[in-house]
Each structure stands twice: as C-alpha cells, then as structure tokens.
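Heads up: the structure comes next, in structure tokens.
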Amino acid sequence: MSLTNKMFFSDLSQRSTETELMDSRDSDVGQLFNTLGLFPTINRWLTPCHRLINHYILSAMKSDRHRRWTLLDIGAGGGDLARWLSDRCHRLGIHLDVTCLDHDPRVIEFARQKCDSYANIEVRHAKAQSLHGTDEQWDFVFANHFLHHLHDEELSPVLSKIARVTKHRFVLSDIHRTGLTYLAFSSLLPLRWTRSFVYHDGRTSIRRAFTVAECHQMLAAAGMNGSVKVRRYLPGHLAMIGNVAGLGE
C-alpha cells in the first residue's frame, strides 16, 4: 500500500489494540492539554454528543424543574460537556449536579481548573472500573468517546455496572468504525499541525472503535441486548441508549 493510501485507508476488519498517545503516561503534557483544549470545538462540530444530550437527557430533565437531577460523565476529559450542560440547565432553571470521572491525574488537573467556577461539578479521579465498588447512583450516565479506550474483556463488565448505577437513562456515544469515517477524518489535514494529539489519536480511535454488530455483541455479553438501542449518528458515530426507568423517547 502506498504512503498516500496508508494516509487515508486502513484495515478496519478488526478492532485495533493500538494505544492512543493521550493514554500514555509518557506523553507530552503540553500537547495533552492542547488536545483537551480542542475538545469543545471537536465535540461541537465532529460529534453528535450535544444533540444526544439535548434529546435524551435535557428533555427528560425539563419535565421536572423542581427536583435536583444528577449526571455521571464517564471519561469526561476536560469537562467541556459538563460545563456546557450546566450552563444550559442554569439558563433553563434546571438544578443539576454533575460528577466527572477520569482516570488520568493530568486530565483531572486540567478539568478541575476549567470547572473550578462551577459549584455543581465534581471532578473525580477514578477509573470507570471502580464503579464496581460503589453503591452510588445517578439519574443519567453519559459517556462520549470512552468505550473505545477499553480492552475487549473490560467492555461487558463496565456496561453492566453503568446500567446498575443509572436510575433513569444512560447514553454512550462513540465512533462508528467504517472506512468512510476513517477517510473523512484523515482528510482533516489541518488537524495535523495543532500541536496536539487530535489527528493521530483521532485516527487511532477510529481503528479502536466499534461496528454496530460489535455493539450488539458486547451488550449481549452483558445481558443487555434487548433493553438497549444502538443507533447510528452522523458524522461517523453510534450510540447506545438504555432506558432503565422506562423513559419515553
């Protein structure tokens, strides 16, 4: 395969086990923070997460503005989605407490600085696997680009625990591993020169991501295949939506 073909195409028949640069404890902290700083723009334009939160979480919270809602954001990165949702809820008169979870102490440092002025946001240093030892529950659980960081053997146990700590609904958004997704992202060449991990890790993330069939397989292994919907979203994403308390669409 030529260098040009390697740039835009990859064998996506199986999930990759490559490690993203931002997941390496030896990675450059400056580039890591630059990467986290780009997440608000990336999440706004290259993911459906704002639409998903609006449709599946914020719409449910609007039904009762007199109670205090809770949300767990797993793999929260720099906390940009927690801040965005908190601002939306404040304008709408909705009371929300957010717990942001991340395993990397460097990311936690960045997120705590960014979320310092938000009294309703707790940034917690912990792995998602630690949910197995908690009796806590949240009304909603959200994760964006989190599941593809896990190893295959971790997926079903984590999914099962997410369901157990969710009172009402969980929404797990991730990348759809297709050739078109890889080609489209690889074409965003200006991202290569942002002094961040976005371009390299974005392509690695796609290779580590999932097909719809693989999502159904991991849900079946967790005993959740019939109760969770898997849906595709543009650009290049899929989401697993689970209604624990029977909330309507």
*Out of (1) in contact (Cβ under 8 Å) with a residue 24 or more places away in the chain; (2) within 19 Å of the chain's Cα centre (by Cα); (3) surrounded by fewer than 16 Cβ atoms within 10 Å (Cβ to Cβ), the odd one out for Leu92 is which?*
(2)
*Listed residues Phe8, Phe39; which is among the aromatic types (Phe, Trp, Tyr), farther than 20 Å from His148 by Cβ and open to solvent by 40 Å² or more (accessible area, probe 1.4 Å)?*
Phe8
*Tell me the helices (runs of 4 or more DSSP H) entirely within the range 140-249 that contain at least 1 residues that are at pLDDT 95 or above, open to solvent by 10 Å² or more (accessible area, probe 1.4 Å) and over 18 Å from Ile42 (Cβ atoms).*
152-165, 179-186, 212-221
*For Ala128, work out the one condition from (1) under 23 Å from Thr17 (Cβ atoms); (2) among the hydrophobic types (A, V, I, L, M, F, W, C); (3) surrounded by fewer than 21 Cβ atoms within 10 Å (Cβ to Cβ) it doesn't fulfil.*
(3)
*asked:* Could you check the range 23-67 and list, in sequence order, the residues that are aliphatic (A, V, I, L, M) and under 24 Å from Leu92 (Cα atoms)?
replied: Leu52, Ile53, Ile57, Leu58, Ala60, Met61
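The values are calculated or read from the model by the stated rules, or taken from the named source; none is laboratory data. Everything numeric in this text was worked out from a predicted model, so none of it was measured. Ideal geometry is used to build each Cβ from the backbone, glycine not excepted, and the neighbour counts take in all protein chains shown. Each accessible area value is taken on the protein alone, full model and side chains, heavy atoms only, with ligands, DNA and RNA left out. Shrake-Rupley method; radii C 1.70, N 1.55, O 1.52, S 1.80 Å.
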